[in-house]
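**Q** Could you have a look at this structure, given as C-alpha cells, before my questions?
The values are calculated or read from the model by the stated rules, or taken from the named source; none is laboratory data. Fair warning: this is a prediction, and the values are worked out from it, not measured in the lab. FYI the Cβ positions are ideal-geometry reconstructions off the backbone, even for glycines, and counts take in every protein chain you see.
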Amino acid sequence: MNMSDSKKILLICITFFVLGFGGFTCANAASDRLVLTGSSTVAPLVGELARRFETVNSGVRIDVQTGGSSRGINDTRNGTADIGMVSRALKPDETDLHAFTIALDGISIILHANNRVTTLNKQQIVDIYTGKITNWKSVGGADARITVLNKAEGRSTLELFLHYLELKNSQIKPHAIIGDNPQGIKTVAGNPNAIGYVSIGAAEYEAERGVPIKLLPLDGVDAAIANVRNGTFPLSRPLNLITSREPQGLARRFIEFARSLQTHDLVEALYFVPVEVN
C-alpha cells in the first residue's frame, strides 16, 4: 500500500467516525486486508490458513496477531480487529458476537519426557497447583521440587483449566507464569521437574518432532487428538473465529474458506480436529 492509499484510508476513517457510521472500523478500511487478533492456540492455524488464502487471492493481505482470547474479544468489539481468535465457546455475556468454529482441541497436562510420573488424578493436580504437594516423590516421582507453571490472565486455556479443577486463579501457587503454548512447551522441555498445561494439538505436534515432553491423561482418558475427535476427552474446546456482526465481504470469504473441506489438511497437520460444516 503506497502513501497516497494510506492517506485516503485515513481520510475515510475520519469521515466515517465523524458521521457516526456504526460498524465501520479502520481495521477493515482497506478491502484487501484483514486484521485478526487473539488466541495463541488458534493463531498458528490461522497463520497457515491465511497463507493459503493469500496464495489463491492475489493482493489480499492478512495480519495475524496473538495476545490471548481476551484480546480477540476486546479488539473485535472495539473495531481494532476485523476477526477475533478465541479458543473457547462464547460466554453468555458475549452474545453480541458471532462465533464460527474452525477446529476442535483439548487441554493437557504436560511433563518432561524423563519424569517417571505417568499419571496424576484430578485431586493430585489440584494439590500440586495449590501448593499442597511440592515434591514429585509424593506422587511416585523422583525426590525433586515441583516447578509449577501457570497461564497468564486473559488466556482461555487458563479459564478452562481452572473450571475443570474447580479452582480460582488466586488459589494457584505458581513458580512461573507463561503466555502462549510454545513458551509453556519450551519451559517444560527445559526443566525435568516442571508441570504445565497447554493445547493438546500444540503438545502432540512438538512431541512428534522430538521435543522432550509427554502428555498426561485426564480422568483416565489419554490426552490425544483422537480422543478429542471421538468426544471422550474431558477437557475439550472449540477454536473459534469471531466477528462483531454478520461477516461480509473479505471477512466472510476468509471465514468460509477456513471452515471448508479444502483446509482440513492444514487443521490436521497442526494436530487439531476439523469440523464438518453443513
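**Q** Only one residue in ASP143, ASP127 is part of a loop (DSSP other than H, G, I, E, B) and either free of Cβ contacts under 8 Å to residues at least 24 places away in the same chain or within 23 Å of SER87 (Cα to Cα) (or both). Which one?
**A** The match here is ASP143.
**Q** How do the pairs read when you match residues in the range 218-240 that are surrounded by 19 or more Cβ atoms within 10 Å (Cβ to Cβ) with residues anywhere that are in a strand (DSSP E or B) and among the acidic types (Asp, Glu), using Cβ under 6 Å and keeping only pairs 6 or more apart or on different chains?
**A** ARG237/ASP105; LEU239/ASP105
**Q** For residues that are in contact with a strand residue (DSSP E or B) (Cβ under 6 Å, 6 or more places away or on another chain) and of a type in the set (S, T, N, Q), scanning just the range 40-66, find the one that is surrounded by the most Cβ atoms within 10 Å (Cβ to Cβ).
**A** THR41
**Q** Next question, about the same structure. Within the range 134-159, take every residue that is in contact with a Lys or Arg (Cβ under 6 Å, 6 or more places away or on another chain) and buried (at least 20 other Cβ atoms within 10 Å of the Cβ) and give me the one that is farthest from THR118 (Cα to Cα).
**A** SER156
**Q** Additional query: Among (1) exposed (fewer than 14 other Cβ atoms within 10 Å of the Cβ); (2) assigned by TED's automatic domain parsing to the domain that holds GLU166; (3) under 24 Å from ASP219 (Cβ atoms); (4) touching a strand residue (DSSP E or B) at 6+ places or on another chain (Cβ under 7 Å), which single condition is ALA89 missing?
**A** Status for ALA89: all satisfied but (2).
**Q** If you scan the range 241-278, which residues turn out to be β-branched (Val, Ile, Thr) and either surrounded by 15 or more Cβ atoms within 10 Å (Cβ to Cβ) or in contact with a helix residue (DSSP H, G or I) (Cβ under 8 Å, 6 or more places away or on another chain) (or both)?
**A** ILE242, THR243, ILE255, THR263, VAL267, VAL273, VAL275
**Q** Looking at the structure I just gave you, is ASP105 at pLDDT 95 or above, acidic (Asp, Glu) and either in a loop (DSSP other than H, G, I, E, B) or in contact with a Ser or Thr (Cβ under 8 Å, 6 or more places away or on another chain) (or both)?
**A** The answer is yes for ASP105.
**Q** Also: With (1) at pLDDT 95 or above; (2) in the same structural domain as GLU54 (by TED's automatic domain parsing) as the list, and GLN262 as the residue in question, which single condition is left unmet?
**A** (1)
**Q** Inspect all residues belonging to the range 57-69 and state whether any of them is of a type in the set (S, T, N, Q), part of a loop (DSSP other than H, G, I, E, B) and closer than 22 Å to ASN240 by Cα.
**A** Checked the range 57-69: no residue is of a type in the set (S, T, N, Q), part of a loop (DSSP other than H, G, I, E, B) and closer than 22 Å to ASN240 by Cα.
**Q** While we're on this one: Scan GLU54, GLU48 and give me the residue that is outside the structural domain of ASN193 (by TED's automatic domain parsing), over 30 Å from GLY210 (Cα atoms) and in a helix (DSSP H, G or I).
**A** Step by step, each of GLU54, GLU48 is checked, and only GLU54 is outside the structural domain of ASN193 (by TED's automatic domain parsing), over 30 Å from GLY210 (Cα atoms) and in a helix (DSSP H, G or I).
**Q** Where in the range 177-278 are there strands (runs of 3 or more DSSP E), lying fully within it, with 2 or more residues that are within 16 Å of the chain's Cα centre (by Cα)?
**A** 194-199, 236-243
**Q** Does any residue of the range 176-186 turn out to be under 28 Å from ALA113 (Cα atoms), touching a Gly at 6+ places or on another chain (Cβ under 9 Å) and β-branched (Val, Ile, Thr)?
**A** yes
**Q** How many residues, within the range 95-119, are acidic (Asp, Glu) and surrounded by 16 or more Cβ atoms within 10 Å (Cβ to Cβ)?
**A** Total satisfying the criteria: 1.
**Q** OK, next. Condition check: in contact (Cβ under 8 Å) with a residue 12 or more places away in the chain and more than 28 Å from PRO274 (Cβ to Cβ). Does ILE195 satisfy that?
**A** It is true that ILE195 is in contact (Cβ under 8 Å) with a residue 12 or more places away in the chain and more than 28 Å from PRO274 (Cβ to Cβ).
**Q** May I pose another question? Would you point out the residue of the range 29-39, among those that are under 18 Å from the mean Cα position of the chain (by Cα) and hydrophobic (A, V, I, L, M, F, W, C), that is surrounded by the most Cβ atoms within 10 Å (Cβ to Cβ)?
**A** Per the criteria, the residue is LEU36.
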